[in-house]
Amino acid sequence: MPSNHHSFLPSTRREFLRTSGKGIGLLAFSQFAPSFLVQSTLAASPAPEKDRTILVLVQLAGGNDGLNTLIPFEDENYYRLRPTLGLPKEQALRMSDTLGLHPSCAAMHGLFNDGKLAVVQNVGYPNPNRSHFRSAEIWETASNSEEFLGTGWVGRFMDNACAGAPADSHDPIAVHITNGLPQSFLGAEGHSTFGMQPTGGSRRESEENRKLLEAMAAAPAGAGPGNASFLKHTLMDALVTEKKVQRVLGDYRPGTPYPPNAFANSLRNVAALIAAGLPTRVYFVSLSGFDTHSNQLTQQANLLTQLSEGLAAFQKDLAAHKLDDQVTTMTFSEFGRRPSENESRGTDHGTAAPLFIMGSKVKGGLHGTPPSLNLERNQDIEFSTDFRQVYATMLDSWLSCPSETVLGGEFDPLPVV
Amino acid sequence: MQLALPPADAWQPLPAAEWNADAARHLLRRAGWTAQPAAVERALSEGLPATLDRLFPREPSLLPKPKMIERAEQEAPIYAQKVRTLSGDERRAAERMARERSQMAVQDLAIKWLQFAAQPDTSGFAKWVLFLSDVYVVSAEKVRNMPFVYQHFDVLARHGLGPAPELTKAVSRSPAMVLYLDLNGSQRRAPNENFARELFELFVLGEGNYTEADIKEAARAFTGYRAQVLFGGFRYVPNQHDDGEKTIFDQTGKFTGDDVIDLAYRQNAASTFLPREMAKFYLGDSPLPAEYLDPLGAEWRKNNHDLRTLVHQFFGSRLFFAPEFRGGFIKSPVQFYLGLVQDLGLDIAPLPRFTLNPMRQMGQLLFHPPNVRGWLGGRSWINSATLAARRQLVETLFTAIEEKNLNADELIDLVAARTNGSENFTVTEQHFLSTLAQLAPAEQAERLVRTFLGESVAAEFTASLRQFIASPSPGPFQEFRRLKRAAVALLQSPEYQLC
């Protein structure tokens, strides 16, 4: 990096006080200095950092095929509906007398045997929608199929949990490692959230970007009704968080190697941020490509390998850092897929599917009931557990937030955590 | 808000001598989305009146009905019939199909609208319709019938530059509005006041310029208005209409809905209500003092509340170009997005995930305003999450779409769009470097600033960009990378969020 792009923004309060003491001075850049720094320096009272429970959401984007993830190997209907895609009984990684995991999920199977992996079967919602966009929206906003909500369920959690949070709490309450802000994160109030790109190799670029933006944002604001300095303040706040995050990620020493792929790297970064003691309550990562309309066998096998190995490395890493008691990880997908396979050795958009909940505080094993596969060709599965029951469980039992206010109704929790 | 300009001069036409590049940029950005150097040159050579004619033409082009809307329209009666005659699972299946179709239709409509609005020749008019839709608010969320939502915007466009009372009357018959403000359930014996209240409060007069009694009486005049899928939209049901005498604004008569709208426009407050909303939408949050609004309102009333005359006077006035209004306006997400698309010479990808998700993340999903007041605008657009979404959008537009991450239906749409000749969904090296590569680093920074910001930004701003671009960069690939990074940061900067 060119030396004239040195960064002058401190990323911690202490560093800030030190640099101000060294003569850079508060006033030298107080006009656009991050508002939290100015406020907290004036108040000189550090915000308490707390050890709280953390939820990691893993999105399986595209609609993961549930029947080939959790294989009902004793059900002849399964093989009737899936003449070419049905996975043979002997390949299934046994979880019970009738159900087994996809053969690519060996690492997850290990977690299952250790009692750290719960499978909630047949999760969905009434009147299912088969559009990716809309069904993802239903899952992320936790709405009814007929209802359109402008806020996400994590956003409403933040609205509830973070009301009255100190004004200088600039650290993100929710972090996503996805290409855009998840709809789940939209709240009625603006909350401090933070996002990163999932693809690796762009650290230099993001650092360059941050430094250049810092330099630009430090340029004097033009005329106008103060909107320029307002924007500069907001941006500087974000850049300070970014800088802190980048430092944390760079310094992190995982307790176990992660597989070399973007998804595992996302989880590694989540572990790094958790280990750094950020007050973040919810993390969101994504693995995409599950829309297996054709040649499903190889595609899904690759993806489930990434999922399984990534999750297992993450859990092992957390345990190595003694953080596993604090973290629960949960997968979700916008829909499962049609039980009957299509003509291209794939499956089309369907309805309910199993999801995974992982953690050392999780009550491992199989939860809920499996779907009935006594179906006509192209008929869909009828869900048996509402996804909002899973959310309610996470909110009430894990995040200690009254689920009714977030979900707008009562949903029976599951005995999972 | 303090203005140097005396109220008497405020609405005089801008003197020709003051029509310069800065003024043209101001007009193009505030009336449309952005001001590319070529568009500024064209505006300068044609002059202000001709530019206004182009932005707000006598016969504006309209958004053609999207195919999905057409299909939804044809299918709506079929589904309505099914829902009426079937029962149990079959009925639920029909309801579900109808919902799914309608959802696809609103996504398609939003993308088609953005594509329409992104064309330079329709930008000014599209933004005007967006403004009107922020006054005459309906939400797809409540209306649910997407052909009606399309029809509502069509009504706003068709009447948007005509006499305002005609626009308001057309809106009162817009099926989407009939549903949104509950006229549909308003009966002779039980009039619903929702529409009448918003007509006075949010469409024509503003709060404090009517009584509760006026609302109650007006509500009676709008009974019998129905939105019906099977009859292709609006239907007036005489036997549900209360044709008795009403007393509104101290006048008594057997007023119809249209009469009430005419009565409302005869109130003094009508003259300044819409101009005030315009000032807020186009000039910024600080309210324009009454001594400025009054003369504009008086003039508008004299012109029988003709909207095109109002628009031409507003955007051609000395006040619009006053230094107090230059810069410092926070772009809405729609303007930010469409401005980027125009500034970068891009096509809008027909993929909801790439096009509509960013809009939602930035806080402005078309056809889904937060409530009957519409979007708040100004600083409410900006918080840590929405600013991050804006930065993310810029990155996304500079990153090639990875087809392997697309869902199957997205891939189909993408291929179809390419077949139709749109393919510049993201910035490519060749496209981006074509004008910049030959320049020296210092000139590259100036060029980027001039292209995307255009006016006097702080010297420090350009200097930091220049330094960044000039720092060692081995090889041509590195040059592109650095220029790209410079452009990305510039478009993410606070300066680019403003116009």
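Every number in this text was worked out from the coordinates using simple rules, so none of it is lab data. This one's a predicted model, so the numbers in the text were calculated from it and none came from an experiment. Note that we place each Cβ from the backbone using ideal geometry, even for glycine, and neighbour counts take in every protein chain shown.
Listed values, structure above:
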| item | result |
| --- | --- |
| Equivalent ellipsoid dimensions for the stretch B:1-129 as semi-axes, Å, which come from the Cα gyration tensor, largest first | 48, 16, 12 |
| Cα-derived Rg over Rh, computed across the stretch A:208-315 with Rh taken as Kirkwood radius | 1.15 |
| Hz values of 3J(HN,Hα) by residue in the stretch B:312-329 - Karplus curve (6.51, -1.76, 1.60), Gly and Pro given as x | 5, 5, 4, 7, x, 8, 4, 4, 4, 8, 4, x, 4, 9, 7, x, x, 9 |
| B:THR428, A:THR298, A:THR393 arranged by Cβ crowding within 10 Å, fewest neighbours leading | A:THR298, B:THR428, A:THR393 |
| Mean-position separation - Cα centroids, the stretch B:176-201 and the stretch A:381-416, in angstrom | 38 |
| Members of A:LYS211/A:LYS232; B:LYS112/B:LYS331; A:LYS316/B:LYS404; B:LYS112/B:LYS280; B:LYS331/B:LYS404; B:LYS169/B:LYS216 lying beyond 25 Å, as alpha-carbon distances in this model show | A:LYS316/B:LYS404; B:LYS112/B:LYS280; B:LYS331/B:LYS404 |
| Amide proton proximity set for B:GLN228, modelled H, under 5 Å, gap of 5+ | B:GLY233, B:PHE234, B:ARG235 |
| Cα gyration tensor category, rounded, prolate or oblate, for chain B with a/c compared to 1.5 | oblate |
| When the stretch B:66-215 is reduced to its Cα atoms, the Kirkwood hydrodynamic radius in Å | 17.0 |
| Antiparallel content of DSSP bridges confined to the protein assembly as shown, in %, to 5 | 45 |
| Euclidean distance of C-alpha centroids, the stretch A:68-97 and the stretch B:435-456, integer Å | 61 |
| Geometric extent, Cα atoms of the stretch A:98-160 - Rg, Dmax (angstrom) | 16.2, 42 |
| Prolate/oblate/rounded call for the stretch B:154-207, Cα gyration tensor, a/c under 1.5 rounded | oblate |
| Proximal charge balance of A:SER294 [Cβ under 11 Å; K/R count +1, D/E count -1] | -3 |
| Rounded if a/c under 1.5, otherwise prolate or oblate - the protein assembly as shown, Cα gyration tensor axes | oblate |
